[in-house]
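The numbers here are math on the coordinates, done by the rules we state, and not lab data. Bear in mind that the values here come from a model prediction, so they are computed numbers and not experimental data. We place every Cβ from the backbone using ideal geometry, glycine too, and count neighbours over all the protein chains shown.
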Amino acid sequence: MDSDDKEFVSEIKAGVSYQILRDEKGGISQVLIPVNEELQAQIYKDNDGKYNFQLSSISYQTHRRVLSMPITVSPSQDIQDATGSAALAHGFYLAMKSEVPESEFKKLKKGDRLAMEYTQKTRLGRTFG
């Protein structure tokens with residue numbers, strides 16, 4: 001492994017989810033380990049049965065979405081309930097905190113309408129990044 005590869009691999013976080021592809025006998029044919037949002041470590045078995053290592057781009061889809069709904073509990077809770085994403089709810093909170101005075105943000109109440117546009121990455125049908 002060259003020094004650049006070693007540097008990238010050192011960025012792998014403990015506990016990160018990875019994927020294992022097994023052959024028909026249950027042996028490991030490929031392992032994909034995310035390094036960051038754009039790059040993954042790929043360990044794969046070649047035709048000679050030897051394992052090889054390479055860094056490759058992570059394949060994902062980007063979706064532009066619009067969310068519009070009345071506030072029923074709180075903006076953050078309603079966003080999380082509607083999308084299943086605590087990260088999106090927290091991102092909304094941080095964006096509002098930096099753009100809207102706190103006194104105005106606190107005026108939001110049940111029944112007020114919330115609308116936002118956001119971009120979401122998905123990989124293999126699951127939220128990614």
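Using only the Cα atoms of the chain, each taken as one equal point scatterer with no solvent, compute I(q) by the Debye sum, divide by I(0), and report log10 of the ratio at q = 0.12, 0.13, 0.15, 0.21 Å⁻¹.
Each listed q maps to, in turn, -0.66, -0.72, -0.83, -1.20.
Helix-only estimate, please: 222 nm mean residue ellipticity of the chain, summing -39500 (n - 2.57) across DSSP H runs of length 4 or more and dividing by its residues, to the nearest 500.
The per-residue figure over the chain is -7500 deg cm²/dmol.
Which of the listed residues, Gln120, Gln42, Ser59, is farthest toward the dipole's positive end in the chain, when Lys, Arg count +1 and Asp, Glu count -1 at the beta-carbon?
Highest projection toward the positive end goes to Gln120.
Which number comes out as Rg/Rh for segment 3-57 once both Rg and the Kirkwood Rh are worked out on C-alpha atoms?
Value, to two decimals: 1.00.
For segment 78-129 and segment 1-67, what is the separation of their Cα centres, given in Å?
Cα centres, segment 78-129 to segment 1-67: 30 Å.
Based on the alpha-carbon set only, what is the convex hull volume of segment 61-128 divided per residue, in Å³?
On the way: hull volume 5.4 nm³, N = 68.
Considering the Cα atoms of segment 61-128, their hull volume per residue is 79 Å³.
Can you tally the net charge around Ile33? Count Lys and Arg as +1, Asp and Glu as -1, for every other residue whose Cβ sits under 11 Å from the Cβ of Ile33.
Net local charge, Ile33 excluded: 0.
Sort 5-14, 87-96 by the packing proxy (mean of other Cβ within 10 Å over each peptide's residues), most packed first.
Ranking, from highest mean packing down: 87-96, 5-14.
Give me the net charge for the shell around Arg123: Cβ to Cβ below 15 angstrom, other residues only, Lys and Arg +1, Asp and Glu -1.
On the way: positive: Lys121, Arg126; negative: Glu37, Glu38.
Cβ neighbours under 15 Å give a net charge of 0.
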